[in-house]
Amino acid sequence: WDNADFSRGVGTTFYQEFPTLNTAKPPFIRDVEAKVRRYLRSSYSAAWTLKITWEKAPAYAARTDTRRTITYQAILTTDGFRSYVLMLYQEGGMRWDYTRLPATNVLIGYT
């Protein structure tokens with residue numbers, strides 16, 4: 001995510017916190033729980049979730065191309081014992097022209 005460049009006034013980043021330990025769970029949280037259960041085949045009930053969205057983020061350096069933007073999210077969630085991150089990309093995948101990025105070792109995901 002460090003190659004997003006918002007210096008040209010294109011794109012935005014925002015977040016939303018969902019403390020759900022003792023409250024009713026909105027549909028978004030129920031969807032997160034269902035994804036964790038499905039992918040990991042385990043029971044899961046979120047106590048806290050943070051959704052971070054990078055909307056229409058241009059690649060670094062934005063001065064070269066602000067038309068090829070990407071919207072993606074990281075959803076961090078925990079039940080107090082186990083923690084997970086869901087990384088979600090807009091339909092169609094990463095649209096940055098990675099051949100024009102300063103770095104040549106481009107990855108989507110984490111290690």
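Between Leu40, Leu86, Leu76, which is on the phi < 0 side of the Ramachandran plot, loosely packed, with under 13 Cβ neighbours inside 10 Å and hydrophobic (A, V, I, L, M, F, W, C)?
Leu40
Taken over the stretch 1-53, the criterion of being touching a residue at least 40 places away in the same chain (Cβ under 8 Å), within 15 Å of Leu88 (Cβ to Cβ) and hydroxyl-bearing (Ser, Thr, Tyr) is satisfied by Thr13, Thr53.
Scanning for something surrounded by 13 or more Cβ atoms within 10 Å (Cβ to Cβ), hydrophobic (A, V, I, L, M, F, W, C) and touching a Gly at 6+ places or on another chain (Cβ under 7 Å), does the stretch 59-66 turn up at least one residue? Scanning the stretch 59-66 turns up no residue that is surrounded by 13 or more Cβ atoms within 10 Å (Cβ to Cβ), hydrophobic (A, V, I, L, M, F, W, C) and touching a Gly at 6+ places or on another chain (Cβ under 7 Å). Taking the criterion of being of a type outside the set (Phe, Trp, Tyr) and open to solvent by 60 Å² or more (accessible area, probe 1.4 Å), the residues of the stretch 13-37 that qualify are Thr13, Gln16, Glu17, Pro19, Leu21, Asn22, Thr23, Ala24, Pro27, Arg30, Asp31, Arg37. What residue, of Ile52, Ile108, Ile75, is modelled with pLDDT of 90 or more, closer than 30 Å to Ser7 by Cβ and either in a loop (DSSP other than H, G, I, E, B) or in contact with a helix residue (DSSP H, G or I) (Cβ under 7 Å, 6 or more places away or on another chain) (or both)? Unique residue meeting the criteria: Ile75.
The values are calculated or read from the model by the stated rules, or taken from the named source; none is laboratory data. These numbers were taken from a predicted model, which means no experiment stands behind them. FYI the Cβ positions are ideal-geometry reconstructions off the backbone, even for glycines, and counts take in every protein chain you see. Keep in mind that these areas ignore ligands, DNA and RNA; they rest on the heavy atoms of the full protein, side chains included. Shrake-Rupley method; radii C 1.70, N 1.55, O 1.52, S 1.80 Å.
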